Every structure is written in C-alpha cells, then in structure tokens.
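S.K.: Here you go, one structure.
Read-outs: derived from the displayed coordinates by stated rules, not from any lab. What you see is a predicted model; the values in this text were computed from it and never measured. Methodologically, a virtual Cβ is constructed for each residue, glycine included, from the backbone with ideal geometry; neighbour enumeration extends over all protein chains shown.
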Amino acid sequence: MNLRNWIGGEEAAPRSGAYFERYNPADDRELIARIPASGHEDAGRAVAAAEAAYPAWRSTPAPRRAEILFRAGQLLIERKEVYARDMTREMGKVLIEARGDVQEAIDMLFFMAGEGRRLYGQTTPSELGAKMCMTMRTPVGPAALITPWNFPMAIPSWKLAPCLVCGNTAVLKPAEDAPLSALNFVCTLTDAGLPPGVVNVVFGRGAEAGAALIADARVRIVSFTGSTRVGRAIGQQAAADLKHCNLEMGGKNAIIVLADADLELALEGCLWGGFGTTGQRCTAASRVIVEHDIYPQFVERLVERARSLRAGSGLDSGVQLGPIVNARQLQRIEEYVAIGKQEGARLTLGGARLHGREWDRGLFFPPTIFTEATPDMRIAQEEIFGPVVTVLACEGLEDAIAIANRSAYGLSAAIYTTGVNAAWRGLRDLDAGIVYVNAPTIGAEVHLPFGGVRASGNGHRESGAATLDVYSEWKTLYVDYSGRLQRAQIDTAAGPAERGSQLAAGRGSQLGGC
Ligand code: NAD
C-alpha cells in the first residue's frame, strides 16, 4: 500500500515520487506500507496549507474546537481494536500495550476537550483605581510536530490535542517506523469534523521532511519528541528563528529498591519498568539500584522472573516482549551488550539475538540483565533503548539517590520502600521530572505534566495543563475605566512605605509645632 501525505484536506503524493518501505518487525514477510519520502517542497506545501487554515481556526471559539476533539475521542473508542492491531503490526508492541497507546490518545482528546471551556487566565487587582487587569491565552501560529515511533498514537495526540484546542494549526511529521498510527489518528480527527488544512501530515525521513519543517520561517511552534542528539540540534535551529520549542528527549531512568521494600511488588515493578515495550520507552527502568543487603537474592529473583518472559509477535497472546523496532536498533543493543562485557559487568541473563522458531522472521532480543556493574559504566549511563537492565548495588538511601542522580538524563525515577521518611526523601531529592513511590518509572497519566530535566528536556512539559504554555502566548490585558490618565508606578495611591514616611514627616512637623 502506498501511503500519501495529507495536505489541505487531500491526499498528496510526494513531489519526488519516491517511497521507502516499512515491514512488520515481527515478520519480515509482511509489508506494512510504502511511505512517501517527502522533501522540502512537500513540507512547504503542508506549511502553506496550515498557514491558510490558521485565521479561520484561530477565530473558531475554543469550545467549538474542543467539541471536535471530543467527537474524535468518541470515534477512537469505536476504532480502538482495529487501530491497536495496526500499531502492533507496524512497530511491534504487544497488543495489550497497543490498546493502552490508543487509550492514551482517547484520554488526551477528552482531557483537552474539557480545556476548551477552561483555557483559564488570571484576573487580578490593579495598583490603580478604576482599572482592571487580566491575562488570556492566544494561539501562536502553525506548528511542526515531530514524533517518535514508540508511542505512535499517544505522542501525536499529546501534541495535536493541546495544539488544536489553543487555536493553532499543524503539520505532523511521524516517525519513519510507525506511519499508520499517526495517519489513523489524523483520519479520526478529520472524520470528527476538523476543517481541511488544520492538520496536515508529511511523511518522510527526519533529516529531509523533518528538517524542512523546522527550517520554515512560517512555522511558529516546534514540538519534538525523540532522541537527545536530534532534539539538541532542532532546539538550536528553532532558537535562531525564535520559535516556541518543546523538546522531549531520552532517559536513563532508575528504580531504587531499599531493603525494607515489599520485594514482590518491587520485582513486578522492575520487570514491567525494564522490559515493558521491550525496554523501548523513554521512561524505561534501565537501571535498578538495590540496597547491598538484599542485592544477591533480589538479583536471583529478578533473573528468574525475567527469564520466563516470552518474546514473539505482539499479536500472539502470552507474549510479553514484542520485537525490536528495526535492524539498526537491534545492532545498537548488541553493541551495548559487547560494551557492558568489555567494561567488566557480568552478563547474567540474555545478551544475544533470538533465533529459531518464529524468531527468524523478525528482530527479537531477550530480556538481558547486567549485574556487578558500577554507576559510571557506559551501560549505566547511556540510553540503550532495548530490553537491557543494569543492576547496581548501593549502601543505603543517600547512596542510592546519589547514584540515580549521577546521569546526564533526568526523566523518570522510582523508589520502593515501606518507610515514609525514605519515600519523601526520594520524592524531594531524586532529580527527575517524574518520581514514583512504590511504582515503576513508567505509567504517566495525561492530566499531569510529563517531561524531564537536564538532557531529557528543555524546561517545557507535555500533557497536563502545563503543555498549554507550549501552544499559546500569554496576552496581558489592562482596561482603565477611570476616564483620566493613570500612570503605573507614578500615580500609585500611597503604599505602606510611602504612607509611613508621610506620616513620619507629618508627625515630625506636628511635633515641631508642639
Ligand atoms: P529520533 O530522534 O531518531 O527520531 C524522532 C523523530 O525525529 C522522527 O520522526 C525522526 O524522523 C525525526 N528526525 C530525525 N532527525 C531529524 C532532523 N534532523 N530534523 C527533524 N526531524 C528529525 O528518535 P526515535 O528513534 O524515533 O525515538 C527514540 C528516542 O525518543 C529515544 O531517545 C527516546 O528516549 C525518545 N523518546 C522520548 C520521549 C519523551 O517524552 N521524553 C517519548 C518517547 C521517546
């Protein structure tokens, strides 16, 4: 099937006529789609369509815009199963997780639909009499939204729903490895009544279609989720043009397990956090930091449980680990296993690509655990983005927090303990955008801010009401109804300090008079 770009409410073939192919990572016999290799011209046409649709969309009342999001959420509920299966076929995550990905998009649509009747500003008193002060959100302009493959519907929804409810138009550039889910999401918005040109889709490679969008001066918002390497370059380019720019990037997230933890609960959390989505999550728990006293027995149980996880096609029930997304990523995982061994960590489980049975048709890698590692090893510092967990030992709470924080990244962190003091110390001192107690590093909910510090983000947040700041400008409004010129800071009615000095002066003269 040849996919088409979606520009101005119509399908559009790439100008170059060039396509590239995407196969099912669990079965290389299944061609998923032939994807337009769009370039500069296609990106330019899509931005022109977004720019043309912008005046009418920004003047559509926010509650009306929101009703379209609400309808899209209702449609997505009906289509959930079909779209989840498309997702599993195109990028591999197991069906139960693919359903969760679509559900996250539904949740985000409903959450942002509610925002259409809020978009709250402030009203506040003036320092002058007969004057009113307020703030309101205004749209910014056409947005370029660039998304990764690992949450192929949820992440486009995290960007599109707030972008649209705030009154902006958009061009979405989905990841090369997951085109269907993005298209399914945009089809749903269209079927819900979104006017032509408000959302456009340009498929293609990042360095071509993506870069062309970022470079376009008509684009006023850039929202990117992906690797820190690409995000850093995009941020620099967007800054030169003074665009709004939101970067959600990589992670090297840690779960701390203290000796007083409920160990069964902690084991469940480490398995789900480390190997859920085959470890291909920005919030994956790729480091587990275990208190020294329980290290041997915890590792033994973790290895035993991880060994029982089954890899295979995400469409097969009973499979917990889907395939690795592409051959390049599989090679990267293999390289990190070699690095870990060279560094002197002990490969306790897994470590080699799976062969035989149905695995030969796809890209499968087993749960892999390194033990006896030290915090500064590359396998404990660099994002691997696969089912590889490094287990580190610590001396206690302070040491555990120090190890967790010794990372370039700061996306998500977790602590397992039954001690209330240790839990609160973790919440306060773990230097990450998201911190969990007695739950793994994954599991964000859409109505709360999502994002990280240091190399994981650039100070903005996705999700929650916080994300509205990416997609709107604050306008400050002053209404003077005094009928005369009032000058702030000059004609201010006397404040306490000034009154004090006037009083003192008055009293002085009075005294003097005495
Ligand atoms: P990636 O950086 O390779 O690609 C992400 C997107 O950027 C893709 O659409 C790609 O085509 C595009 N792109 C690549 N080069 C570009 C360029 N020069 N100009 C414009 N666009 C360009 O990332 P990926 O492999 O798709 O995803 C994995 C990464 O994403 C991991 O690092 C993971 O941690 C991160 N991620 C972060 C979050 C988060 O919310 N923090 C969520 C999911 C994934």
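S.K.: Rounded to the nearest 10 degrees, what's the angle between the helix 228-240 long axis and the longest principal axis of the chain, both from Cα atoms, 0 to 90?
M.R.: The angle comes out at about 30 degrees.
S.K.: Once phi is turned into θ = phi - 60°, what whole-Hz ³J(HN,Hα) does the Karplus curve with 6.51, -1.76 and 1.60 give for every residue of the range 31-40, x standing for Gly and Pro?
M.R.: 7, 7, 6, 9, 9, x, 8, 6, x, 3
S.K.: A further question follows. Give me His447, His292, His355, His244 sorted ascending by neighbouring Cβ count inside 10 Å, so fewest comes first. Mind showing how you got there, number by number?
M.R.: Working: His447 15, His292 12, His355 8, His244 20.
The fewest-first ordering by Cβ neighbours comes to His355, His292, His447, His244.
S.K.: Can you list the equivalent-ellipsoid semi-axes of the range 254-446, largest first and in whole Å, using the square root of 5 times each Cα gyration tensor eigenvalue?
M.R.: 27, 17, 15
S.K.: Separate question: So what is the orientation-averaged projected area of the chain, using the convex hull of its C-alpha atoms, in nm²?
M.R.: With the hull built on Cα positions only, its mean projection is 30.9 nm².
S.K.: Report, ordered by chain and residue number, the lysines lying within cross-link reach of Lys475, taken as a straight Cα distance under 26 Å and ignoring same-chain residues fewer than 8 apart.
M.R.: Of all the lysines, those that pass the test against Lys475 - Cα under 26 Å, at least 8 places apart if same chain - are Lys131, Lys159, Lys243.
S.K.: What ranking do Glu30, Glu21 get, fewest neighbouring Cβ atoms within 10 angstrom at the top?
M.R.: The order, fewest Cβ neighbours first, is Glu21, Glu30.
S.K.: Is any residue of the range 411-425 close enough, with backbone N under 15 Å, to a label point placed 7 angstrom from the Cα of Glu398 along the Cα-Cβ axis, and if so, which?
M.R.: Within reach of a label on Glu398, which here means backbone N under 15 Å from a point 7 Å along Cα→Cβ, the range 411-425 contributes 422, 425.
S.K.: Whole-Hz ³J(HN,Hα) for each residue in the range 204-221, computed from phi via Karplus 6.51 cos²θ - 1.76 cosθ + 1.60 with θ = phi - 60°, x for glycine and proline: what do you get?
M.R.: x, 7, x, 5, 9, 4, x, 4, 5, 5, 4, 6, 6, 5, 6, 6, 10, 10
S.K.: Further, regarding this structure: Report, in deg cm²/dmol and to the nearest 500, the calculated mean residue ellipticity at 222 nm for the chain, where each DSSP H run with n ≥ 4 adds -39500 (n - 2.57) and the sum is divided by the residue count.
M.R.: Values: 15 runs with 202 residues, N = 514.
My calculation for the chain gives -12500 deg cm²/dmol from helical runs alone.
S.K.: With a point put 7 Å past each Cα toward its Cβ, work out how far Glu473 is from Glu268 in nm, to one decimal.
M.R.: About 5.0 nm separates the two model spin labels.
S.K.: Taking 0.36 nm per intervening residue step and subtracting the Cα-Cα distance, what contour gain separates Arg484 from Arg301 on full extension? The partial results should precede the final answer.
M.R.: On the way: separation 183, 0.36 × 183 = 65.88 nm, distance 7.75 nm.
Here the answer is 58.1 nm.
S.K.: For the chain, take the longest principal axis of its alpha carbons; what is the angle in degrees between that and the long axis of helix 496-513, to the nearest 10 within 0 to 90?
M.R.: Value to nearest ten degrees: 30.
S.K.: Taking H placed 1.01 Å from N in the peptide plane, check which residues at least 5 places from Val319 or on another chain put their amide H under 5 Å from its amide H.
M.R.: none
S.K.: Identify, among Val165, Pro323, Phe450, the residue whose Cα sits farthest towards the positive end of the charge dipole of the chain, taking +1 on the Cβ of Lys and Arg and -1 on the Cβ of Asp and Glu, with the dipole about the Cα centre.
M.R.: Checking the options against the dipole of the chain, the answer is Val165.
S.K.: Calculated FRET efficiency, Cys133 and Arg64, Cβ-Cβ r, R0 30 Å, to nearest 0.05?
M.R.: With a Förster radius of 30 Å, E is 0.60.
S.K.: Using Cα positions and a limit of under 22 Å, work out the lysines in reach of Lys252, with same-chain residues fewer than 8 apart set aside.
M.R.: Lys93, Lys341
S.K.: Quick check on the exposure proxy: order Arg487, Arg4 from fewest to most C-beta atoms within 10 angstrom.
M.R.: Fewest-to-most Cβ neighbours within 10 Å comes out as Arg487, Arg4.
S.K.: Something else about it: Amide H neighbours of Gly167 under 5 Å, counting only residues 5+ apart in sequence or on other chains, H built in-plane at 1.01 Å?
M.R.: Result for Gly167 returns nothing.
S.K.: Right, another one. Once amide H atoms are built 1.01 Å from N in the peptide plane, which residues 5 or more positions from Tyr416, or in another chain, come under 5 Å H to H?
M.R.: Ile256, Val257, Leu258, Asn438
S.K.: Sticking with this one: Between His355 and Ile96, what is 0.36 nm times their sequence separation minus the Cα-Cα distance? Round to one decimal in nm.
M.R.: On the way: separation 259, 0.36 × 259 = 93.24 nm, distance 2.45 nm.
Gain on extension, His355 to Ile96, equals 90.8 nm.
S.K.: Still on this structure: For the range 256-265, what does the Karplus curve 6.51 cos²θ - 1.76 cosθ + 1.60, with θ = phi - 60°, yield as ³J(HN,Hα) per residue in whole Hz, taken in order and with x for Gly and Pro?
M.R.: Residue by residue, the range 256-265 yields 9, 10, 8, 5, 8, 6, 6, 5, 5, 4 Hz.
S.K.: Quote the FRET efficiency, to the nearest 0.05, computed for Glu335 versus Thr124 with a Förster distance R0 of 45 Å and r equal to the Cβ-Cβ distance.
M.R.: Rounded to the nearest 0.05, the efficiency is 0.20.
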